[in-house]
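The structure appears below as structure tokens.
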Amino acid sequence: MAFESTLPGRFFWDPAIFAAEQAHLFGTMWVNVCRADDVPNPGDVRAVDLGGESIIIVRGKDGELRAFLNVCRHRGARLCMEQSCSVGAAIQCPYHAWSFALDGRLIGAPNIARDESLDRDSLGLLPVHLAVWEGLVWLNLAENPEPVEAQVVPALEDRFGELSRFQRYGVGDLAVGRRIEYEIASNWKLVVENFMECYHCAPVHPELTRLLPEFRNGTSYQGIIGKGTDFAPDIESFTLSGSGHRPMLPGLLPSDARLYYGFVLWPNVFVNLLPDHVILHTLLPTGPETSHVTCDWLFTPEEIARPGFDPTDTVDVFDITNRQDWEVCARTQLGMHSRAYDRGGLYVSNEQHIAVFRDMVLSKLGMTA
Ligand code: FES
Ligand SMILES: [Fe+2]
């Protein structure tokens, strides 16, 4: 069989390609930037970078989340410099103290109260499309995007066959039991490609393959509709020790009891479904050669509230797996500048399905490799 080629090395470090991706891929798709419960109360603000813009996500007095470009309409000062803050009833620009309501309206411009030529209605903060789906905040910088479901549902159907197989995990009803943030010394696409294949699982992930022995064959079920991975017959639970017991998520079927499902929801969420918890990775590029991952271990609120709740044995499995993954991504990043990789490498048979991701990136960029 003819092997598919990877992207050439420059796609993983060239600042021009990075900027083009920000404009044409992250700037046109729905992208998950945080959780809705990261911005819990009216007046809470979170700033994120996306598509070459800084964007603030604001919880309004009415409880709704809205997103705006993080730019004062007067002379362009950045409104919020921190990752998160709480502003009370209004967002006030620190430069000349214009203030904006939590829904973006300009409500105060000092010392020009009598100047009626100031068209306040047209000087509100500029909105960005925001949707909450399964508890996650998704932003879209396109002018008239289709609903977020139009992006994610076909991807879920491709992975699960029937949508109900995913929906019964009730991801949107779960809460964060543990969060770990990671900085990765690699281009974001290497992180996605690595998550899409399990050819590396046997050499890189002894702890994970102890729990999921099928992964030792190097097969990833990313491209196989409806297929989950069986737990090792001798483990009780998906924990580092293999022992322990936590109730199944409500809504699951007995047939879900010993299965793991993993897949990438393009462009930047890795979903891991387990009988008693869900792990979500949110990947955001921070530069051509650096990426950030927020990894959340989600449980039912009842489980988190249980006295003595301690998810460490569960968290350790993917925390160890994550660090192993980021290490090989960083190692691969080092090769991207070499003349040896000017024309890229190849995807072997267990990795052929990654070519679909490569082609999605190229088509967003309007490029051929
Ligand atoms: S730049 Fe914000 S008030 Fe002047
Ligand atoms: Fe891995």
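The values are calculated or read from the model by the stated rules, or taken from the named source; none is laboratory data. The structure presented is a predicted model; accordingly, all values stated were derived computationally and were not measured. Cβ: placed from backbone, ideal geometry, glycine included. Neighbour counts: every protein chain shown. The accessibility values were calculated without ligands, DNA or RNA, using every heavy atom of the protein model including side chains. Shrake-Rupley method; radii C 1.70, N 1.55, O 1.52, S 1.80 Å.
Listing for the model above:
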quantity: Local electrostatic count at Thr28 - Lys and Arg +1, Asp and Glu -1, tallied over other residues with Cβ under 13 Å; calculated: -3
quantity: Accessible area, probe 1.4 Å, largest first, for residues His353, His337; calculated: His337, His353
quantity: Dipole of the chain, positive direction: furthest Cα of Leu190, Asn272, Cys201, with charges on the beta-carbon; calculated: Leu190
quantity: Farthest positive-ward along the chain dipole, Cα basis, beta-carbon charges - from Ala131, Trp13, Tyr261; calculated: Trp13
quantity: Semi-axis lengths (Å, descending) of the ellipsoid that matches the C-alpha gyration tensor of region 258-369; calculated: 33, 16, 14
quantity: Candidate residues Asp173, Asp119: accessible-area rank, largest first, probe 1.4 Å; calculated: Asp173, Asp119
quantity: For the chain, the longest site-free run once trypsin sites (Lys or Arg not before Pro) in DSSP loop states with at most 13 other Cβ atoms within 10 Å are removed; calculated: 115-342
quantity: When region 1-72 is reduced to its Cα atoms, the Kirkwood hydrodynamic radius in Å; calculated: 14.6 Å
quantity: Region 153-238: Rg to Rh, with Rh as the Kirkwood radius over Cα pairs; calculated: 0.98
quantity: Range in the chain, longest, excluding exposed GluC sites (Glu not before Pro) [loop by DSSP; at most 10 other beta-carbon atoms within 10 Å]; calculated: 144-369
quantity: Pairwise FRET efficiency - Ala202 versus His337, Cβ, R0 = 25 Å, nearest 0.05; calculated: 0.35
quantity: Against the rule of thumb 2.2 N^0.38 Å, how large the Cα Rg of region 312-361 comes out; calculated: 1.51
quantity: Relative contact order computed over region 150-365 (Cα-Cα under 8 Å; 6+ residues apart), in percent; calculated: 28 percent
quantity: Computed magnitude of the charge dipole of the chain (debye, nearest 20; Cβ of K, R +1, Cβ of D, E -1); calculated: 600 debye
quantity: Cut-off 12 Å between beta-carbons: net charge of the residues surrounding Ile55, Lys and Arg +1, Asp and Glu -1; calculated: +1
quantity: Binned Cα-Cα distance frequencies in region 32-131 - 10 Å width, integer %; calculated: 16, 52, 26, 6, 0
quantity: Full-extension gain in nm, Ser86 to Val328, via 0.36 nm per residue minus C-alpha separation; calculated: 83.3 nm
quantity: Debye log10 I(q)/I(0) for region 150-365, one point scatterer per Cα, at q = 0.08, 0.12 Å⁻¹; calculated: -0.28, -0.64
quantity: Average accessible area per residue (Å²) across the chain - probe 1.4 Å, nucleic acids and ligands excluded; calculated: 45 Å²
quantity: Rel. contact order, % - alpha carbon contacts under 8 angstrom, at least six apart, the chain; calculated: 21 percent
quantity: Electrostatic dipole magnitude of region 33-144 [Cβ: Lys, Arg +1; Asp, Glu -1; Cα centre; debye, to 20]; calculated: 300 debye
quantity: 14 Å beta-carbon shell around Cys329, net charge (K/R +1, D/E -1); calculated: -3
quantity: Spacing of the two label points (7 Å from each Cα toward its C-beta) at Leu346 and Thr28, in nm; calculated: 3.2 nm
quantity: Selected from Gln151, Ala97, Gly161, residue furthest toward positive end of dipole (the chain; charges at beta carbon); calculated: Ala97
quantity: Pairwise centroid distance, computed over Cα atoms, of region 320-361 with region 29-66, Å; calculated: 32 Å
quantity: Estimated FRET transfer efficiency (Glu302, Glu157; beta-carbon r; R0 51 Å; 0.05); calculated: 0.95
quantity: Two-decimal Rg to Rh for the chain - Kirkwood Rh, Cα set; calculated: 1.00
quantity: Net charge dipole size for region 150-365 [Lys, Arg +1 and Asp, Glu -1 on Cβ; Debye, nearest 20]; calculated: 480 debye
quantity: Within region 178-193: backbone nitrogen closer than 18 Å to the Ala20 label point (7 Å, Cα to C-beta); calculated: 187-190
quantity: Relative contact order of region 33-144, defined on C-alpha pairs under 8 angstrom at six or more residues apart (%); calculated: 26 percent
quantity: Gain upon complete extension [Asp316, Glu236; 0.36 nm per residue less C-alpha separation]; calculated: 27.2 nm
quantity: Free-standing Cys, the chain [no other Cys Cβ under 4.7 Å]; calculated: Cys34, Cys80, Cys85, Cys295, Cys329
quantity: Area accessible to solvent at Ile320, 1.4 Å probe radius, in Å²; calculated: 50 Å²
